[in-house]
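Values in this text are rule-based calculations from the coordinates and carry no lab data. Only a predicted model underlies this, so the values are computations on that prediction, with no experimental measurement involved. Please note: Cβ atoms are built from the backbone with ideal geometry, for glycine as well, and neighbour counts cover all protein chains shown.
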Amino acid sequence: MPTTPIPFIVDLHCHPTTKPYGHSFKKSPIGKNSSNPNDEHSIWYNDSPNAAERLLQTWAEIVKFRQADLCTLAWGNCRVVVASLYPIERGFFRNKFGEGLASDLVGSFVSGVSRKRVNYVQNVTNYNEDLVREYEYYQQLNDQPININGTTYLYKLVHSYREIAAHQQNNPAEVRTIFIVFSIEGLHCLDNNIDGELNEASVLENLKKIKEWEYAPFFVTVAHHFNNKLCGHAKSLFGLVGKTADQSEGMNKKINATGLKVIDLLLDSSVGKRILIDVKHMSLLSRLQYYDLLDTKFKNDAIP
């Protein structure tokens, strides 16, 4: 039976910057996106896996190589990407190995980011600052052509499908373009003071600023792997990482009062752009609470 060929692939969730942004911490200033695709801190840097890295991925679930650099995406005909902004949580690198050299080496080995990035995350106190810097990392080379082995590539941050269609109609096909829409994974990124009590006013103000970004996220994942002081998260880490990282704080809890206000603001279309909610990583209690909100408070809204 004949089939219609797919013109391109859309990836709804990937992390193109985890490793290149992480390697930018070896440079000064940190957070610089290099236009040279041979630089490790370039979003275009390609790192194809060798046999040992493939084996490590299969048997230990450790991915040393880059899976979502923009070259790999382009070569795989992935033309639209929902790129997840994610300040790495401190719990990954403050683990049973401590915070010294052993932890640095294990963290760097498991994550594939630089030791300087691991050190930064171990000592981070402001997740929001890290989020904004990663967002700015993308902006630096937005819409800038890059020549790689005789082919011209670029990535373009977009707001809508209308922009994608207009660009494809009005620009030469020989320039291979990747369109990027943002999401955020984990609203721990709203926290300015990880070690202190949750500051509700600060959290809501940070969210308002995100909603006013030029390229505001399409959706957010409220919970992630560790306590975000807003809602409960589910057990998500297994294998070697699950044995070394402690997810217990905040796990399986309900959405708290501040978390409910965050959800209200995310879905409020009168304050910036409405941002949809992904329930992945939420605890069962938090999910049920959110579903109940959709059936009651937001029953007249078309919220997927």
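Some notes on this structure:
- Student exercise, the stretch 192-304 dipole from Lys, Arg, Asp, Glu Cβ charges, in Debye to nearest 20: 280 debye
- Phi-based couplings in Hz for the stretch 206-214 (Karplus 6.51, -1.76, 1.60; Gly and Pro marked x): 4, 5, 4, 5, 4, 5, 9, 4, 4
- Label corresponding to Cα Rg over 2.2 N^0.38 Å when calculated from the structure given, among (1) 1.03; (2) 1.10; (3) 0.95: (1)
- When the chain is treated as a Gaussian network with alpha carbon springs shorter than 10 Å, the biggest mean-square fluctuation among Leu293, Leu266, Leu198 belongs to Leu293.
- Cα→Cβ-extended label distance, 7 Å offset, between Ala201 and Ala257, nm: 1.5 nm
- Taking amide H as placed 1.01 Å from N in the peptide plane, Leu85 has its amide H under 5 Å from the amide H of Ser183, Ile184, Glu185, each at least 5 places away in sequence or on another chain.
- The stretch 172-181 - phi-based ³J(HN,Hα) in whole Hz, Karplus 6.51/-1.76/1.60, Gly and Pro as x: x, 5, 6, 8, 7, 10, 10, 9, 10, 10
- Cβ-defined net charge surrounding Asn46, 12 Å radius [Lys, Arg +1; Asp, Glu -1]: -2
- Only beta bridges with both residues in the stretch 161-304 are counted; by DSSP, about 10 percent of them are antiparallel.
- Residues whose amide H lies under 5 Å from that of Tyr155, counting only those 5 or more places away or on a different chain, are Asp143, Gln144, Ile178; hydrogens are built 1.01 Å from N in the peptide plane.
- Counting only Cβ charges, +1 for Lys and Arg and -1 for Asp and Glu, the dipole size of the chain around its Cα centre is about 340 debye.
- Among the chymotrypsin sites (Phe, Trp or Tyr not before Pro) found in the stretch 202-272, those both in a DSSP coil and sparsely packed, with 12 or fewer other Cβ atoms within 10 Å of their Cβ, are Phe238.
- Expressed to the nearest 5 percent, the antiparallel share of DSSP beta bridges inside the chain is 20 percent.
- With 30 Å as the limit, the listed pairs Lys156/Lys243; Lys19/Lys261; Lys19/Lys243 have Lys156/Lys243; Lys19/Lys261 beyond it between alpha carbons.
- The order of Glu185, Glu214, Glu40, going from fewest to most other C-beta atoms within 10 Å of their C-beta, is Glu214, Glu40, Glu185.
- Cα-based convex hull, the stretch 192-304, per residue volume (Å³, whole number): 118 Å³
- Remark on Met251: its backbone amide H falls under 5 Å from those of His233, a criterion applied only to residues 5 or more positions apart or on other chains, H modelled at 1.01 Å from N.
- Choice from Pro16, Pro29, Pro217 with maximal GNM fluctuation in the chain (Cα, 10 Å cutoff): Pro29
- Electrostatic dipole magnitude of the stretch 162-202 [Cβ: Lys, Arg +1; Asp, Glu -1; Cα centre; debye, to 20]: 460 debye
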